[in-house]
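These notes concern the structure reproduced below.
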Amino acid sequence: MTQDELSGGAQRAAPEALETGASTSEATTGSAIRPIEARSRVSIPETAALFLVLVVLFVFFSLTSPYFFNADNLVNILQNVARIGIIACPATILLIAGQFDLSVGSIAGFTAMAMAVAAAPVGVTKTPFAMGLPLEVALALAIGAALLVGLINAVSVTVLRINALITTLGTLAIFRGLTKVLGDGQTIRIDGFGSLGVTRILEIPIPVYIFAAVTVACFLILRYTTYGRSMYAIGASPTAARLAGIRTGRAIFIGFILSATMAGVSGLILLSQVGGASVNAGIGLELSVVTAVVLGGASLAGGRGGIVGTILAVLIVGVLGNGLIQLRIPSFWIEVFGGVLLLAAVGFDQLRIRLTRSTD
């Protein structure tokens with residue numbers, strides 16, 4: 001690899017270039033040649049369009065439904081998007097490094113089922129795997145189950161060098177099947193675990209606070225830590241990142257562990273909210289997460305993205321779904337709109353990649 005290629009990879013990994021949509025060379029030399037154009041790029045963030053879409057949706061649904069714009073419904077929207085957002089934040093970090101985790105839905109369902117089965121009374125619950133453990137022990141076991149899936153994904157990708165897409169598709173199927181095995185094909189009820197999902201502090205559910213904490217943590221990681229800058233560099237050019245001394249395998253390994261952990265937390269929140277673990281819990285969750293992350297500006301090619309854009313996209317998905325329900329749109333149409341949103345987000349991302357390459 002030539003010196004020019006290495007410097008080009010480092011330029012693409014610069015956070016300033018990622019946020020403004022311009023390369024480092026454009027931000028430095030371009031400002032001297034075309035100062036007006038450079039200033040205009042810096043002054044208009046990429047998230048402005050997402051914010052505008054969110055505002056338009058709010059205004060539209062507020063005018064068309066008398067029940068949309070009230071405190072109870074807004075809190076309901078935040079509570080519904082919290083589980084998606086908790087997973088979408090670490091998923092953004094992974095995608096910035098050019099990695100995928102499509103197993104998050106199965107991890108959420110498997111974690112919830114693991115805790116429900118571990119806490120289920122022996123001889124009372126129909127599943128043969130009931131353990132009758134105290135809730136604290138069952139909770140620790142469930143978190144360990146989520147970490148186990150993350151470890152399998154991380155080792156497969158970083159040690160065995162299996163493509164992340166293939167790896168996580170495999171674990172998606174494996175642990176969806178194991179969820180059905182543990183539950184014996186039925187919903188397993190759990191008692192005494194409702195506080196996590198339904199308790200409110202200042203009229204705000206606890207999952208919303210968890211969502212906010214994860215958002216802030218991931219934002220700080222990407223913006224102010226060496227690890228965050230390393231993920232941008234890995235996504236821009238893995239070879240250049242390795243030559244620059246970045247331990248790419250370890251960084252990606254940590255990313256998969258974070259993703260699995262937050263997917264497990266999301267599954268436990270769902271378990272607490274509904275009071276039972278279903279064999280179908282978490283199905284389709286990975287599509288919602290990918291839609292939010294890509295719509296938020298993270299590139300499928302890696303090296304680009306941010307938490308602010310992801311959060312705005314999560315809110316857009318949540319507001320759209322809630323508003324359509326308020327307008328009494330059949331639920332299957334909401335799934336159609338979700339698929340269209342995903343295709344549109346990926347299409348815009350591919351167009352952006354082509355335009356970026358054409359200007360290099």
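At-a-glance table
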quantity: Packing-based ranking, highest mean first, of 55-66, 144-155 given that Cβ atoms within 10 Å are counted; calculated: 144-155, 55-66
quantity: Qualifying trypsin sites (Lys or Arg not before Pro) in segment 134-189, DSSP loop, other Cβ atoms within 10 Å at most 14; calculated: 161
quantity: Residue 304 long-range amide H proximity, modeled H, under 5 Å; calculated: 299
quantity: In degrees, nearest ten, helix 135-158 long axis to first principal axis of the chain (Cα); calculated: 40 degrees
quantity: Identified option (computed Cα extents along the principal axes in Å; candidates (1) 69, 49, 42; (2) 76, 54, 35; (3) 67, 50, 48); calculated: (2)
quantity: Packing-based order for 224-235, 320-331, using average beta carbon neighbours within 10 Å, highest first; calculated: 224-235, 320-331
quantity: Tilt relative to the chain, helix 248-274 - C-alpha long axis, 0 to 90 degrees, to 10; calculated: 40 degrees
quantity: Percent RCO, i.e. relative contact order, over the chain, from Cα pairs under 8 Å lying at least 6 residues apart; calculated: 30 percent
quantity: Helical mean residue ellipticity (222 nm; -39500 (n - 2.57) per DSSP H run of 4+; nearest 500) of the chain; calculated: -24500 deg cm²/dmol
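Every number in this text was worked out from the coordinates using simple rules, so none of it is lab data. As the structure is a prediction and not an experimental result, all values here were calculated from the model. With ideal geometry, Cβ positions are generated from the backbone for all residues, glycine too; neighbour counts draw on all protein chains shown.
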